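What follows is a single structure, written as structure tokens, with notes after it.
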Amino acid sequence: MTAIPTPESITPAFFTEVLRANGHPAAQVVRFDAEPVGTGQMGRCVRFRLELAGEATGAPHSLVGKFPSLDPLSRQTGVQLRNYAREIYFYRELAARIPIAKPRCYYGAIAGEGPEFALILEDLAPARQGDQLAGCSLEVARAAVLQLAELHGPTWCDETLLGRDLIAAPDAERAAQLRALYAQMLPAFLARFGARLAPDEQEIIAAVAKSHGPPYAYPERPFALVHIDYRLDNLLIDARTSPPRVLVVDWQSLVLGSPLSDVAYFLGASLLPELRRPAERDLVRAYYDALQDHGVRGYAWEQCWTDYRRGAFAGFAVTVIASVIVHETERGNEMFTAMARRHARHALDLGSAEFLGG
């Protein structure tokens, strides 16, 4: 395979080669149907339903392809932030060592750092994409935070991950750049969304522009691989089991950082405040106990809870910056409004403003 396929150029012969390279040497794809799936901002996903011939026992009858966005600004952003290259790197180099539930990768290729790229992934249907606007149940939330322990536990303070080109580690220069970008985007964000926010929500969102702590800087330890954008739109939920099975997609933003920022980001964005408040300490404790199962030692529960409170600001930068720079859609505006209100209320509920000074 040489040319990187697009949804328009992909062929049955391509899928045949993919299947044969992944354990189905006699399978042949004679035709396929394609339909868009998901609501991605930076990329577009397509489900391919395959008609198979030959000895195809066990071969998948559908696959999901991920490709760059059609929107020029989103494509440019994906290249500038290295999102496309990072996701390819995750599936090629890291996925095998991380037991978090995720789709199998059948093919991944990128031209330089993009925007031309293609991922062909396992179709996880009938698992369904979570609904960021509606939020989730406590049962789904618990399953999701336990999956985070499957990402953080195996990479907890793993110094072999330091210095990898596409996996950024915290540093003062990057923190300053993020702070400056947040401040630059804040006026446009408030102009578009301010009227939809309560006064105290607007106030704490604005205060983050001058923070010397989160979301720009966290204590040096603990660190682990963090997903960064761990929210319902990036989770697939299989409700046929109890507890439900949660699977994780969209690995474009992976960095080394504060593990509890992922936990706080998810619970703050994905649970309605009235559901979150009485349950979040128990949910964070379940995550903490799961870390112990992965051999994490010397990390006290009290410190975990403090790191969680500090992590309540993790969603602010994604919300403010992404809402301005990605292609604007009606659903996107609704989603960013919900995220802004929930993250702001989360930080206010936890009294997390004390961490803004550093």
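At-a-glance table
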| item | result |
| --- | --- |
| Qualifying residue in segment 38-52 (condition: more than 30 Å from Gly153 (Cβ to Cβ) and without any contact (Cβ under 8 Å) to a residue 12 or more places away in the chain) | no |
| Criterion: closer than 30 Å to His294 by Cα, in contact with a helix residue (DSSP H, G or I) (Cβ under 6 Å, 6 or more places away or on another chain) and of a type in the set (Gly, Ala, Ser) - qualifying residue of Gly78, Gly114, Gly108 | Gly108 |
| Lone qualifier among Ala239, Ala209, Ala175, Ala217 - being modelled with pLDDT of 95 or more and of a type outside the set (S, T, N, Q) | Ala209 |
| Those residues of segment 4-48 which are part of a strand (DSSP E or B), surrounded by 13 or more Cβ atoms within 10 Å (Cβ to Cβ) and touching a Cys at 6+ places or on another chain (Cβ under 9 Å), in sequence order | Val37 |
| Which numbered condition Ile205 misses (of (1) closer than 22 Å to Cys136 by Cβ; (2) touching a Phe, Trp or Tyr at 6+ places or on another chain (Cβ under 7 Å); (3) hydrophobic (A, V, I, L, M, F, W, C)) | (1) |
| Filter result for Val296 (at pLDDT below 95 and either aliphatic (A, V, I, L, M) or over 20 Å from the mean Cα position of the chain (by Cα) (or both)) | no |
| Residues of segment 302-343 that turn out to be over 21 Å from Leu133 (Cβ atoms) and either of a type in the set (D, E, K, R) or within 20 Å of the chain's Cα centre (by Cα) (or both), as a count | 7 |
| Answer residue from segment 344-354, given it is within 24 Å of the chain's Cα centre (by Cα) and of a type outside the set (D, E, K, R) and is surrounded by the fewest Cβ atoms within 10 Å (Cβ to Cβ) among those | Leu348 |
| Filter pass, Ala26 being outside the structural domain of Pro154 (by TED's automatic domain parsing), over 21 Å from Leu236 (Cβ atoms) and more than 23 Å from the chain's Cα centre (by Cα) | yes |
| Qualifying residue in segment 317-329 (condition: in contact with a Pro (Cβ under 8 Å, 6 or more places away or on another chain), assigned by TED's automatic domain parsing to the domain that holds Glu201 and within 25 Å of Ile167 (Cβ to Cβ)) | yes |
| Any hit, segment 131-140, residues being closer than 27 Å to Gln177 by Cα and in contact with a helix residue (DSSP H, G or I) (Cβ under 7 Å, 6 or more places away or on another chain) | no |
| Residue check for Leu121: surrounded by fewer than 21 Cβ atoms within 10 Å (Cβ to Cβ), touching a residue at least 24 places away in the same chain (Cβ under 8 Å) and under 21 Å from Gly315 (Cβ atoms) | no |
| From Ile110, Ile88, residue being under 18 Å from Val226 (Cα atoms), of a type in the set (A, V, I, L, M) and outside the structural domain of Leu232 (by TED's automatic domain parsing) | Ile88 |
| Selected residue [more than 29 Å from Cys105 (Cβ to Cβ), of a type in the set (Gly, Ala, Ser) and in the same structural domain as Met339 (by TED's automatic domain parsing)] from Ala264, Ala239, Ala207 | Ala207 |
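The values are calculated or read from the model by the stated rules, or taken from the named source; none is laboratory data. What you are looking at is a predicted structure, and each value in this text was computed from that prediction instead of being measured. Cβ sites come from the backbone with ideal geometry, for glycine too, and all protein chains shown count toward neighbours.
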